[in-house]
1. Cβ-Cβ under 6 Å, sequence separation 6+ or interchain: first residue in segment 89-101 and surrounded by fewer than 20 Cβ atoms within 10 Å (Cβ to Cβ), partner at pLDDT 85 or above and among the hydrophobic types (A, V, I, L, M, F, W, C). Which pairs?
2. Might you let me know whether segment 65-77 holds any residue that is open to solvent by less than 50 Å² (accessible area, probe 1.4 Å), modelled with pLDDT of 95 or more and not in a helix (DSSP H, G or I)?
3. So, in segment 29-51, how many residues would count as being in a helix (DSSP H, G or I) and surrounded by 17 or more Cβ atoms within 10 Å (Cβ to Cβ)?
4. If you take the residues in segment 78-126 that are assigned to a helix (DSSP H, G or I) and either among the polar types (S, T, N, Q) or on the phi > 0 side of the Ramachandran plot (or both), which one is modelled with the lowest pLDDT?
5. Please enumerate the residues belonging to segment 9-28 that are open to solvent by 60 Å² or more (accessible area, probe 1.4 Å) and in contact (Cβ under 8 Å) with a residue 24 or more places away in the chain.
Amino acid sequence: MVKNSIPLYQEDFEQWWKIYHHAAAKAKTCENFKDVTLFLRLWSGSTDGEMAEGLVTDTEEILINNSQCFFEGLLELSKEEIAAFITHYCPLTEPELIVRALKQALENARYRHIAAQLLQETCIQGS
């Protein structure tokens with residue numbers, strides 16, 4: 001779905017959203033960190049405004065409500081996928097909650113590097 005995101009979206013809008021919502025729901029339950037990784041991989045594909053808005057909203061929910069799941073999923077991405085996430089991620093709502101979650105992650109040695117990078121390189125740096 002990641003590589004063919006835009007063509008699939010253009011060809012079958014309803015099917016794309018059905019797959020997307022299924023992936024997002026699995027990531028939010030966090031029964032397996034791999035589900036979060038698969039969801040976060042969507043940041044590596046091409047998106048339009050509506051797709052990006054959905055990604056941001058659901059990503060924020062995971063980060064705020066279960067930061068361990070978010071970071072464990074994020075750490076399983078490739079360096080290129082992490083770079084794409086950092087390049088494209090920009091919180092839409094509640095930036096103070098995002099900043100708080102990222103600052104708490106700085107206290108965890110496993111997440112410190114990526115949390116610092118997110119704080120420094122995403123558009124929340126002015127928050």
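1. L92/V56; L97/I64
2. Yes, segment 65-77 has at least one match.
3. Residues flagged as in a helix (DSSP H, G or I) and surrounded by 17 or more Cβ atoms within 10 Å (Cβ to Cβ) within segment 29-51 amount to 12.
4. In this case the residue turns out to be Q125.
5. The one that is open to solvent by 60 Å² or more (accessible area, probe 1.4 Å) and in contact (Cβ under 8 Å) with a residue 24 or more places away in the chain: K28.
The values are calculated or read from the model by the stated rules, or taken from the named source; none is laboratory data. Quantities reported herein were computed from a predicted structural model and do not represent experimental measurements. Don't worry about glycine lacking a Cβ; one is built from the backbone with ideal geometry, like all the others, and counts go over all protein chains shown. The accessibility values were calculated without ligands, DNA or RNA, using every heavy atom of the protein model including side chains. Shrake-Rupley method; radii C 1.70, N 1.55, O 1.52, S 1.80 Å.
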